[in-house]
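What follows is one structure encoded as structure tokens, with my remarks underneath.
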Amino acid sequence: MSNELTVTPTTTPRPRPDAAGRTGAVLTDHAFFMRTGKRRSWQGLTVADRDAIPALRPTAAAVLAGQTVVDEFAAYRLADGTVSVFRPDSHIKRLNNGARRLAMPQVDFDRVWSSVRAMVELDEGWLPQEPGASMRLRAVLAADGTALTAGPADDCLFYVLGSVPAATAAKPLKAMTLDGYVRAWPGGTGDLNTAGGIAAGVVPGEIADNYGNDHVLWLDGDGRFVQQIGELNVFFVIDGVLTTPALDRTVLPGVTRDSVVKLARDAGTTVVERPVELAEVLKGIADGSVTECFATGTATGVAPVASLGHQGEEYRLASPEAGAVTARFRDLLDGVHRGDSTDRFGWMRRITEVAPVHA
């Protein structure tokens, strides 16, 4: 553990709600936080009660200019009862890519890992004992400051919150396109997890929900190519080939997406990353050449998509449940999270592991 880290267990632990009675995610007791000091160096590494996270100033650029990057990764209960974090290096690397784009200091991999380990160790009791149960770890990098104009951020706050999600039954997803809303343009920040980008999806998401859908099926600015399903990456099985939109800087480089691609190729399955036209997908659903669709994300894992809506028409996949390809990679990934499957890529990092993490 880093000798720069101060760990102060809470003196007022909160009651842990019964899993069956939870209606939403519940924050755990502790958080990790640190702030920048001189020359953008990170100081004051602390794991303590989550209420001890320092407040941002009213003039913080995170508030006035949306200069905030977020990421979410997860710790899992393994079949042997221990706890591991899934690909923390990849998530920290993605957050740092956002930090560079928004002119904020990057965080150090090894310091964050040693601190997250200490935090999860304190809150391990919040994790249910069932293999595969997860604790979400939400990382936030926010620009503080006293200026009223946006600029390179020297004064920043970084923190990680833990939460335990509600136990909900998995179900196939539905998504629809929306006229008048665009998630990302080339050269923008569509490949980053920014607070402003996430917030801009709230109203379109509500509209989709009003029509009985779970997410927006996001298209490019010309309405031609598929980008994502909500904040999730999307895969199609087209003429028997696993196909996903290419990472063209308008698509979020999902860690779960990357995991599925690697698992598929390792298993000998061809994966094609290319521009995917909406017209091709809708025609394929109608004529049977598109046999499956699924979405991927940290919270979702691998989730089947039952239907896509466009201009008042609903295009239903042949099977409303997970098809053979979807089920295969969902089960493979779930097996890694539970510790049942061989972790060929070394993705699961035990919280007892002190070796440095390098993205």
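Candidates in the stretch 182-234 are the residues that are touching a residue at least 24 places away in the same chain (Cβ under 8 Å) and of a type in the set (D, E, K, R); of these, the one that is farthest from residue 66 (Cα to Cα) is 224.
Residues are listed down the side, and each one gets a yes or a no for (1) open to solvent by 10 Å² or more (accessible area, probe 1.4 Å); (2) under 30 Å from residue 279 (Cα atoms):
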site	(1), (2)
141	no, no
148	yes, no
156	no, no
168	yes, no
178	yes, yes
183	yes, yes
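Comparison of 203, 120 shows that the only residue that is among the β-branched types (Val, Ile, Thr), open to solvent by 20 Å² or more (accessible area, probe 1.4 Å) and modelled with pLDDT of 95 or more is 203.
Hey, does the stretch 263-282 have a residue that's touching a helix residue (DSSP H, G or I) at 6+ places or on another chain (Cβ under 7 Å), in contact (Cβ under 8 Å) with a residue 40 or more places away in the chain and under 27 Å from residue 71 (Cα atoms)? The answer is yes, given that some residue of the stretch 263-282 is touching a helix residue (DSSP H, G or I) at 6+ places or on another chain (Cβ under 7 Å), in contact (Cβ under 8 Å) with a residue 40 or more places away in the chain and under 27 Å from residue 71 (Cα atoms). Look at residue 259 and say whether it is more than 17 Å from residue 306 (Cα to Cα), of a type in the set (Gly, Ala, Ser), in contact (Cβ under 8 Å) with a residue 40 or more places away in the chain and surrounded by 14 or more Cβ atoms within 10 Å (Cβ to Cβ). So residue 259 passes the test. Scanning the stretch 5-39 for residues that are within 19 Å of residue 109 (Cα to Cα) and modelled with pLDDT under 90 returns 37, 39. Residue count for the stretch 161-188, restricted to those that are among the polar types (S, T, N, Q) and modelled with pLDDT under 95: 1. Please tell me if residue 10 is β-branched (Val, Ile, Thr) and closer than 27 Å to residue 198 by Cα. For residue 10, the condition - β-branched (Val, Ile, Thr) and closer than 27 Å to residue 198 by Cα - is not met. Pairs linking a residue in the stretch 236-250 that is at positive phi and open to solvent by 10 Å² or more (accessible area, probe 1.4 Å) to a residue that is among the small types (Gly, Ala, Ser) and in a loop (DSSP other than H, G, I, E, B), with Cβ atoms under 7 Å and 6 or more positions apart or on different chains, are 239/289; 249/190.
Counted as qualifying within the stretch 33-104 are the strands (runs of 3 or more DSSP E) with 2 or more residues that are aromatic (Phe, Trp, Tyr), touching a residue at least 12 places away in the same chain (Cβ under 8 Å) and closer than 23 Å to residue 7 by Cβ, namely 68-77.
The values are calculated or read from the model by the stated rules, or taken from the named source; none is laboratory data. Given the structure is predicted, the values throughout are model-derived calculations rather than measurements. Glycine also receives a Cβ, built like all others from the backbone with ideal geometry; neighbour counts cover every protein chain displayed. Surface areas here come from the heavy atoms of the whole protein model, side chains and all, with no ligands, DNA or RNA. Shrake-Rupley method; radii C 1.70, N 1.55, O 1.52, S 1.80 Å.
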